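Trainee: This structure is in structure tokens; I'll ask about it shortly.
The values are calculated or read from the model by the stated rules, or taken from the named source; none is laboratory data. Keep in mind that this is a model prediction, so the values were computed, not measured. In this analysis, Cβ positions are derived from the backbone assuming ideal geometry, glycine residues included, and neighbour counts consider all displayed protein chains. Note: accessible area is taken over every heavy atom of the protein model, side chains too, but ligands, DNA and RNA are not part of it. Shrake-Rupley method; radii C 1.70, N 1.55, O 1.52, S 1.80 Å.
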Amino acid sequence: MNAADANSRSVSVQVRGLRKSFDGQPVLFGIDLDIQPGEIFVIMGPSGSGKSVLLKHIIGLESPDEGTILIEGQPIDSPGVMDKFRMAMVFQSGALLNSLTVGENVGLYLTEHRLKPPAEIARVVAEKLELVGLKGLEERNPSELSGGMKKRVAIARALVIEPQLVLYDEPTSELDPLSAVTIGEEILNLNQRTHATSIVVTHDRDLAFGVADRMAIILEGRIVFVGTPDETRRAPDPAIQKFLTSDFSFKPKSKL
Amino acid sequence: MFQNIGEMLILFWRTLRALPATLRQRRKVAEQLFEIGNASLLMACILSLFIGGVITLESGPVLAERGLSSTIGALVGLSMCKELAPVMMAVLIAGRIGSAMAAEIGSMRVYQEIDALSTMNINPIHYLVLPRVVAISFALPVLVIFSMLVGWWGGALVAVTYQKIHITWQAFFSSLKEFVEVHDLVHGFIKSYAFALVIGVVSCHQGLQTIGGPRGIGRSVTKAVVNSIVLILILDYFLTRVLVYFEI
Ligand SMILES: Nc1ncnc2c1ncn2[C@@H]1O[C@H](COP(=O)(O)OP(=O)(O)OP(=O)(O)O)[C@@H](O)[C@H]1O
Ligand SMILES: [Mg+2]
């Protein structure tokens, strides 16, 4: 097995019959998904539908009650899978290590795995921070950042890993529209540059339709639709249409 | 509490297996050592001084009345080094350091920092548990030696100045030297190692087990301290039995 080879290919993800309950309360009811190598796959659904739980299963943080997750055909919980494939997750809350500075957080993967000398790590960290619009904030503590800044640091931390599979949990949920667009661009850029398979969980419809190659709609723990953005717009299911088209039009539009 | 012992043993075993990685984590070990020393040295000093003093105060007059004042040094010397220094320091460290370990690891669990480590393929046992357990098992024995010495001086101070005892420094320390032998120091040393491992493993285990929010962290901290102390006191008895059996 050539390690360099395995490290540069993007990976496929299969979810088979995934079921999960918490304390007898079912959250996921048999999820099946096939995600192709190198695509941006968006999972959309309302709050509490089980998106974060699904994502945690895909990267092996939760173990399923039933069903399996396959990364390149190998079960995620089989030994060595985490060593073989580079994976990264951007958590909904950012999940930065509070005891480390921003710079140490971003470089953590490289320092802990001793992949590069310190000077080189500092350079990569600065570069990735600049990419997410946080140039020169290396010495700050995570507690001094706003929610949106934390999220961007978390994205920089994922970029440093140069992942083959990257999972984003609500990457734009705490960002203003302008930064949200930047992050969307960054998701696209990373995907185009490295062909990293990207799974984006969001309820931001603009982001979803902006970046998705294909998308899935999850409602109450079930995948109700999978297709391209165009197919999704035309999906006949009224529940999906309601989710996709509802907006803030309470007040009559003023005529200017 | 006791249903967790199996899990703690597993954690202990995993930490042992991670030991070869200690060198790579030496910076974190050093940080932890500094933390422990910084938090507890002064406290240990004061505590030990008063413990040594109070043993002399309680037993000195009784012994002196019966003409046994030449054994006061031995009594303080032996009880300090075989029992009081290891146990009192362990209790102090459980309160100061065990609680901090449980709180820190617990909040990392609750705020998904440990999940983030796992997704980066960084083993939380190597990253969090190992440096703490290694640091505490270096620090506690050193602290115990320190506490013995200070405790002896505390005892001597009272023996010399309290008028109902009133012996000389020389009398106190020659009695101490006559009775306290190297194997008595080893006895205290072995105990302190065992207690250090108990505090480290119990506190890290509680931290990793934390569920819920800030409340959960609070619960973990309390449990870490209480369980450590209870286990230390129980272990102390059985360990003493074993050590006495082997005449250490
Ligand atoms: N560790 C857990 N223990 C118990 N219940 C959980 C746990 N994690 C998630 N749940 C439950 O699972 C359901 C789905 O949660 P999840 O976090 O996946 O929602 P989500 O789709 O990500 O929502 P949001 O868009 O608000 O992030 C919720 O009802 C939640 O209460
Ligand atoms: Mg979520």
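Trainee: Has the range A:20-37 got at least one residue that is within 16 Å of ligand 2 (Cβ to nearest atom), of a type in the set (Ser, Thr, Tyr) and touching a strand residue (DSSP E or B) at 6+ places or on another chain (Cβ under 9 Å)?
Mentor: No, the range A:20-37 contains no residue that is within 16 Å of ligand 2 (Cβ to nearest atom), of a type in the set (Ser, Thr, Tyr) and touching a strand residue (DSSP E or B) at 6+ places or on another chain (Cβ under 9 Å).
Trainee: Consider B:ASP236 against the criteria (1) more than 14 Å from the chain's Cα centre (by Cα); (2) open to solvent by less than 70 Å² (accessible area, probe 1.4 Å): it satisfies all of them except one. Which criterion is unmet?
Mentor: Only one criterion is unmet by B:ASP236, namely (1).
Trainee: When residues of the range B:109-130 are filtered for being of a type in the set (Phe, Trp, Tyr) and in contact with a helix residue (DSSP H, G or I) (Cβ under 9 Å, 6 or more places away or on another chain), how many remain?
Mentor: 1
Trainee: Find the residue count for the range B:156-195, including only residues that are under 30 Å from B:PHE246 (Cα atoms) and in a loop (DSSP other than H, G, I, E, B).
Mentor: 2
Trainee: Taking the stated definitions as given, is B:GLU7 closer than 13 Å to B:VAL201 by Cβ, of a type outside the set (Val, Ile, Thr) and open to solvent by 30 Å² or more (accessible area, probe 1.4 Å)?
Mentor: yes
Trainee: Can you tell which of A:SER173, A:SER143, A:SER179 is more than 11 Å from the chain's Cα centre (by Cα) and within 16 Å of ligand 1 (Cβ to nearest atom)?
Mentor: When all the criteria are applied, what remains is A:SER173.
Trainee: Quickly run through the range A:16-48 and pick out the residues that are over 16 Å from the mean Cα position of the chain (by Cα) and open to solvent by less than 10 Å² (accessible area, probe 1.4 Å).
Mentor: Across the range A:16-48, the qualifying residues are A:LEU18, A:LEU28, A:ILE31.
Trainee: Criterion first (within 16 Å of ligand 2 (Cβ to nearest atom) and hydroxyl-bearing (Ser, Thr, Tyr)) does A:SER78 satisfy it?
Mentor: no
Trainee: Condition first: within 17 Å of A:LEU28 (Cβ to Cβ), within 13 Å of chain B (Cβ to nearest Cβ) and within 16 Å of ligand 1 (Cβ to nearest atom). Now tell me which residues in the range A:54-91 satisfy that.
Mentor: Result: A:LEU55, A:LYS56, A:HIS57, A:ILE58, A:ILE59, A:GLY60, A:LEU61, A:GLU62, A:SER63.
Trainee: Would a scan of the range A:96-118 turn up a residue that is surrounded by 13 or more Cβ atoms within 10 Å (Cβ to Cβ), free of Cβ contacts under 8 Å to residues at least 60 places away in the same chain and within 16 Å of ligand 2 (Cβ to nearest atom)?
Mentor: Within the range A:96-118 (the criterion being surrounded by 13 or more Cβ atoms within 10 Å (Cβ to Cβ), free of Cβ contacts under 8 Å to residues at least 60 places away in the same chain and within 16 Å of ligand 2 (Cβ to nearest atom)), the answer is no, since none of the residues qualifies.
Trainee: Evaluate the range B:126-147: report whether one residue or more is open to solvent by 10 Å² or more (accessible area, probe 1.4 Å), among the charged types (D, E, K, R) and free of Cβ contacts under 8 Å to residues at least 24 places away in the same chain.
Mentor: Among the residues of the range B:126-147, not one is open to solvent by 10 Å² or more (accessible area, probe 1.4 Å), among the charged types (D, E, K, R) and free of Cβ contacts under 8 Å to residues at least 24 places away in the same chain, which makes the answer no.
Trainee: Take A:PRO46 and tell me if it is more than 10 Å from every other protein chain (Cβ to nearest Cβ), within 16 Å of ligand 2 (Cβ to nearest atom) and touching a residue at least 24 places away in the same chain (Cβ under 8 Å).
Mentor: Yes, satisfied.
Trainee: Continuing with the same structure: Would you point out which residue out of A:ASP237, A:ASP213 is surrounded by fewer than 17 Cβ atoms within 10 Å (Cβ to Cβ), of a type in the set (Asp, Glu) and under 19 Å from A:ILE40 (Cβ atoms)?
Mentor: Just a single option satisfies the conditions, and that option is A:ASP213.
Trainee: Ok, one more. So, restricting to helices (runs of 4 or more DSSP H) that lie completely within the range B:1-101, which ones have at least 3 residues that are among the polar types (S, T, N, Q)?
Mentor: B:26-65
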